[in-house]
Amino acid sequence: MNETDQWVGILDDDEKILWQGRPDGGVSIKIQNILMAIFGTIFAGFALFWMIIASKGGGNFWLFGLLHFSVGLTLVLYSLFWSTFRRRRSWYTLTDRRAFIAINLPLRGKSLKSYPIASSSPLELIDGNLSSVNFAEEVKSGKNGSYTVSIGFERLTDGREVYRLMRDIQTKGKGTTA
């Protein structure tokens, strides 16, 4: 099967793939991840302490603490490893018009999202040993209102090259104008 055969019905007839890659799958922990892990550890630790004290009273009342212990442990694992897990199941494609992010997660299945690269697209290069290129934004709702999340190709070894390709799309006018 030809590589472009996979894209039949997804790409426009004259759309061309310029680049394909994957994010680095190494563990990357940010300060907010550490703070969430600390909170989860305290939450799980308190639940464990409560279960030990409750188990001394006899009966199975201590089992009610398992839910809270599980939530705390989940917070720790999610904050430290979810982004790595997700990146290891992600694929990126850049065409002369759009950027695609494909993800294949257990239980959720496969997803493919495309983002037009327009002359007005907010391109941002976050340079480093592993660079990221942001090209879109999404507004999400949270407990304290809405917030904006940057969307892009994360942790690339050739991030500068991908950024240059996107700038070329913008300046040559191949990207959409919307």
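Output the residues belonging to region 11-64 that are open to solvent by 80 Å² or more (accessible area, probe 1.4 Å), over 30 Å from ILE103 (Cα atoms) and outside any helix (DSSP H, G or I).
Within region 11-64, LYS56, ASN60 meet the criteria.
Filter region 88-123 down to the residues that are among the polar types (S, T, N, Q) and assigned to a loop (DSSP other than H, G, I, E, B) and list them by number.
Scanning region 88-123 gives SER119, SER120, SER121.
Table: residues versus (1) within 30 Å of the chain's Cα centre (by Cα); (2) over 20 Å from ARG22 (Cα atoms).
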position: PHE46; (1), (2): no, yes
position: TRP50; (1), (2): no, yes
position: GLY59; (1), (2): no, yes
position: LEU66; (1), (2): yes, yes
position: TYR78; (1), (2): yes, yes
position: SER90; (1), (2): yes, no
position: LEU94; (1), (2): yes, no
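Among SER141, SER150, which is open to solvent by 50 Å² or more (accessible area, probe 1.4 Å), small (Gly, Ala, Ser), modelled with pLDDT under 90 and closer than 26 Å to ILE38 by Cβ?
Going through SER141, SER150 in turn, just one is open to solvent by 50 Å² or more (accessible area, probe 1.4 Å), small (Gly, Ala, Ser), modelled with pLDDT under 90 and closer than 26 Å to ILE38 by Cβ: SER141.
Yes/no per residue for (1) assigned by the TED database to the domain that holds ILE42; (2) buried (at least 16 other Cβ atoms within 10 Å of the Cβ):
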| position | (1), (2) |
| --- | --- |
| VAL71 | yes, no |
| TYR78 | yes, no |
| PRO106 | no, no |
| ASP127 | no, no |
| VAL133 | no, yes |
| ALA136 | no, yes |
| ARG160 | no, no |
| TYR163 | no, yes |
| LYS172 | no, no |
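Is it fair to say SER114 is open to solvent by 60 Å² or more (accessible area, probe 1.4 Å) and under 15 Å from the mean Cα position of the chain (by Cα)?
no
The values are calculated or read from the model by the stated rules, or taken from the named source; none is laboratory data. In this text the structure is predicted, and so the values were computed from the model without any measurement. When we count neighbours, we look across all protein chains shown, and the Cβ atoms used for this are built from the backbone with ideal geometry, even at glycine. Note: accessible area is taken over every heavy atom of the protein model, side chains too, but ligands, DNA and RNA are not part of it. Shrake-Rupley method; radii C 1.70, N 1.55, O 1.52, S 1.80 Å.
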